[in-house]
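> Quick one: this structure, given as structure tokens, is what I'll be asking you about.
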Amino acid sequence: MTATVARTLDEAIREFDWAALPPGVRPIRYRVPSGELAGVAAGDERAPRILLVPGSTGSKEDFAFMAPLLVRAGYRVEGFDLAGQYESSDAGPERLVPPRPRYDYDLFLGDLLAVIRAGRTPVHLLGYSFAGTLAQLVTTMHPELIASLTLLSTPPVSGQVFRRMRGYGGLAALLSRFTGARVAGGLMLWGIRTNKNHVGERRYRFVMDRLIRTRRSSVDDISRLMRRTPDVAEELRAVPIPKLVAFGSHDLWAPRHHRALAARIGAEAVEYETGHSPCETTPHQLVRDMLRVIERR
């Protein structure tokens with residue numbers, strides 16, 4: 001697929017029922033340390049495996065456009081909802097052994113490792129937004145399990161990542177200097193509820209339903225984790241796998257920050273004329289670039 005064809009196909013995307021699984025995609029469940037996660041899978045189990053991981057307030061449905069394209073390219077595609085999010089809302093720290101009071105990095109990384117090990121490895125891993133931080137961490141911890149890494153709209157800075165946000169995220173950035181994680185999480189939820197992403201009516205209805213089913217504590221705890229994002233760029237650069245940093249021109253973080261992250265970890269950087277969600281708005285272009293990078297291996 002040429003770049004021109006990919007752009008044309010993206011421009012032709014129309015609204016659809018986001019709650020309905022695309023043809024060939026089936027629901028699955030994963031047993032993980034925090035309980036049970038809702039997932040989806042498509043494609044031949046014997047094919048090379050791609051794992052698509054959504055971020056905070058997201059879900060596996062965010063990759064509805066991407067999954068069929070990746071399957072047609074010859075891959076097994078899987079995705080899942082993070083613990084506490086949407087159809088994985090029952091999974092949480094109280095189910096760990098021993099129980100813990102909050103959603104933390106160890107919980108999310110333990111779950112992600114369990115999902116990775118539930119199928120063929122090494123896996124081609126895509127982490128979207130907050131999940132991109134998880135993807136970086138798991139790649140440095142267990143590089144033998146990861147065949148390639150794609151970071152999609154991932155916070156491109158470490159430490160208190162809200163400080164570099166712009167747009168409506170800039171308000172969260174400003175207030176996060178003086179308030180706790182719950183306020184920052186609440187501001188992000190406010191941006192979603194007031195449709196600052198300017199999504200279509202059917203997408204908006206799905207997102208609102210998803211928020212109702214998502215634990216507020218998981219959103220607040222992820223906001224807390226994003227205030228202390230680890231810097232693993234040096235370790236990640238040393239992992240000899242193909243890497244891609246993909247982002248929109250109008251993302252929550254400016255393109256220069258994404259490009260700087262790509263340079264630090266030895267990744268290719270690709271920019272699309274869109275916002276925080278290229279998986280929804282420019283999926284053909286994203287899949288084209290992702291496959292191009294994967295197939296270098």
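The values are calculated or read from the model by the stated rules, or taken from the named source; none is laboratory data. On a predicted model such as this, the values are computed, not experimentally measured, just so you know. Note: ideal-geometry Cβ built from the backbone for every residue, glycine included; neighbour counts use all protein chains shown.
> Have a look at Ala260, Ala269 and point out the one that is surrounded by fewer than 20 Cβ atoms within 10 Å (Cβ to Cβ), free of Cβ contacts under 8 Å to residues at least 60 places away in the same chain and hydrophobic (A, V, I, L, M, F, W, C). If you could, list the steps in order and put the result at the bottom.
Working: Ala260 fails: free of Cβ contacts under 8 Å to residues at least 60 places away in the same chain.
Being surrounded by fewer than 20 Cβ atoms within 10 Å (Cβ to Cβ), free of Cβ contacts under 8 Å to residues at least 60 places away in the same chain and hydrophobic (A, V, I, L, M, F, W, C) holds for just one of Ala260, Ala269, which is Ala269.
> Of all residues being basic (Lys, Arg) and surrounded by 20 or more Cβ atoms within 10 Å (Cβ to Cβ) in region 38-86, which is farthest from Leu126 (Cα to Cα)? Just the residue, please.
Going through region 38-86, the residues basic (Lys, Arg) turn out to be 46, 49, 60, 72, 76.
Subset that is surrounded by 20 or more Cβ atoms within 10 Å (Cβ to Cβ): 49, 60, 76.
On the way: Arg49: 11, Lys60: 12, Arg76: 13 Å.
Here the answer is Arg76.
> Test of understanding: among Glu144, Glu94, which residue is closer than 19 Å to Ile50 by Cα, surrounded by fewer than 24 Cβ atoms within 10 Å (Cβ to Cβ) and out of contact with any helix residue (DSSP H, G or I) (no Cβ under 9 Å at 6 or more places or on another chain)?
Values: Glu94 fails: closer than 19 Å to Ile50 by Cα.
Selected residue: Glu144, the only one of Glu144, Glu94 that is closer than 19 Å to Ile50 by Cα, surrounded by fewer than 24 Cβ atoms within 10 Å (Cβ to Cβ) and out of contact with any helix residue (DSSP H, G or I) (no Cβ under 9 Å at 6 or more places or on another chain).
> So if I check each of Leu236, Leu244, Leu211, Leu189, which one is closer than 29 Å to Leu107 by Cβ, modelled with pLDDT of 90 or more and out of contact with any helix residue (DSSP H, G or I) (no Cβ under 6 Å at 6 or more places or on another chain)?
Numbers: Leu236 fails: out of contact with any helix residue (DSSP H, G or I) (no Cβ under 6 Å at 6 or more places or on another chain); Leu244 fails: out of contact with any helix residue (DSSP H, G or I) (no Cβ under 6 Å at 6 or more places or on another chain); Leu189 fails: modelled with pLDDT of 90 or more.
Unique residue meeting the criteria: Leu211.
> Right, another one. Consider region 97-114. How many of its residues are touching a residue at least 60 places away in the same chain (Cβ under 8 Å) and surrounded by fewer than 20 Cβ atoms within 10 Å (Cβ to Cβ)?
6
> Identify the residue in region 4-19 that is in contact with an Asp or Glu (Cβ under 9 Å, 6 or more places away or on another chain) and of a type in the set (Gly, Ala, Ser) and, among all such residues, is farthest from Glu273 (Cα to Cα).
Ala19
> Right, next: Restricting the first residue to region 119-148 and requiring it to be farther than 17 Å from Val40 by Cα, which pairs with a second residue that is polar (S, T, N, Q) and part of a helix (DSSP H, G or I) meet a Cβ separation below 7 Å and a spacing of at least six or different chains?
Listed pairs, sorted by first residue: Ile146/Thr139.
> Name the residues in region 206-238 that are more than 17 Å from the chain's Cα centre (by Cα), crowded, with 17+ Cβ neighbours inside 10 Å and among the β-branched types (Val, Ile, Thr), would you?
Across region 206-238, the qualifying residue is only Val232.
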